[in-house]
Amino acid sequence: MPGTRSAIVLASGNPAKRAEIERMLSPVRIIPQAELFVGDAEETGLSFTENAILKARFAAERTGLPSLADDSGLETDALGGAPGVRSARFAGEGASDDDNLRKLLAELKGVPDDRRTARFRCVICFLRHAGDPIPLICEGTWEGSIAQSPRGTNGFGYDPVFLVGNGSLTAAELDPAIKDRLSHRGQALAELARQLAGC
């Protein structure tokens, strides 16, 4: 794995994502692209994998550093897999987490608990340089269901309505260390750490 003096640019401005990634990849130095005056790539991909590669390539091209991009989202079975790749923009461009949560719960209004199955999906792309022909692609999936109302103050995004395992707790009610071990992003990052250790 890259040493403590190495730096990887993170193709995200989400501070909560940054915190999760830093915990999992410590002691690697993670630099958000915004700190290097890099804007967001246009997410035109039709899949999490396409978007992760687009974002990582964009960040690496503009910084000259190795880059890491995460594309992740929520898939709900009752909505045909929505919001999917549009999870961050489910309620429209510039939507807040609360906006997206309200739209999701409104779309699922009246859907019984046994039909509220869902999963978080994450794809992480690591590029050694902008022209890297063999990016490291790591994936994780976290099965669960959607609660009738939000609960918990940890986490971000759809965590307050994502019921974990037997449904007694939402992702936002989990201790961060437990979430890191179970979550879609935690799974993908653990695989990335293993692959980087072999580089």
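The values are calculated or read from the model by the stated rules, or taken from the named source; none is laboratory data. Treat the numbers as computed from the prediction; the structure is a model and nothing was measured. Positions of Cβ are backbone-derived with ideal geometry, glycine not excepted, and every protein chain shown enters the neighbour counts.
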ask   = List, please: which pairs have Cβ atoms under 9 Å, are six or more places apart or on different chains, and start with a residue in segment 130-155 that is in contact (Cβ under 8 Å) with a residue 12 or more places away in the chain and within 30 Å of residue 195 (Cβ to Cβ) and end with one that is among the charged types (D, E, K, R) and in a loop (DSSP other than H, G, I, E, B)?
value = 135/128; 136/128; 154/175
Whichever residue in segment 158-183 is in a helix (DSSP H, G or I) and more than 15 Å from residue 23 (Cβ to Cβ) and, among such residues, is farthest from the chain's Cα centre (by Cα) = 173
key: Yes/no for residue 93 being at pLDDT below 95, of a type outside the set (Phe, Trp, Tyr) and surrounded by fewer than 16 Cβ atoms within 10 Å (Cβ to Cβ)   = yes
ask   = Within the set of pairs 6 or more residues apart or between chains, which connect a residue that is touching a residue at least 24 places away in the same chain (Cβ under 8 Å) and among the aromatic types (Phe, Trp, Tyr) inside segment 103-128 to a residue that is in a strand (DSSP E or B) and surrounded by fewer than 21 Cβ atoms within 10 Å (Cβ to Cβ) with Cβ atoms less than 6 Å apart?
value = 126/136
request  = Select from segment 162-199 the residues that are of a type in the set (Gly, Ala, Ser) and more than 20 Å from residue 74 (Cβ to Cβ) and list them in ascending order.
outcome  = 177, 190, 193, 197, 198
remark   = Reported set for segment 30-54 where residues are out of contact with any helix residue (DSSP H, G or I) (no Cβ under 9 Å at 6 or more places or on another chain), of a type outside the set (A, V, I, L, M, F, W, C) and either modelled with pLDDT under 95 or assigned to a strand (DSSP E or B) (or both) is 35
inquiry  = Being over 23 Å from residue 57 (Cβ atoms) and assigned to a loop (DSSP other than H, G, I, E, B): is that true of residue 155 here?
reply    = yes
inquiry  = Quick check on segment 104-121. Is at least one of its residues in a helix (DSSP H, G or I), in contact with a helix residue (DSSP H, G or I) (Cβ under 8 Å, 6 or more places away or on another chain) and buried (at least 19 other Cβ atoms within 10 Å of the Cβ)?
reply    = yes
Some residue of segment 31-48 being of a type in the set (Phe, Trp, Tyr) and surrounded by 18 or more Cβ atoms within 10 Å (Cβ to Cβ) = yes
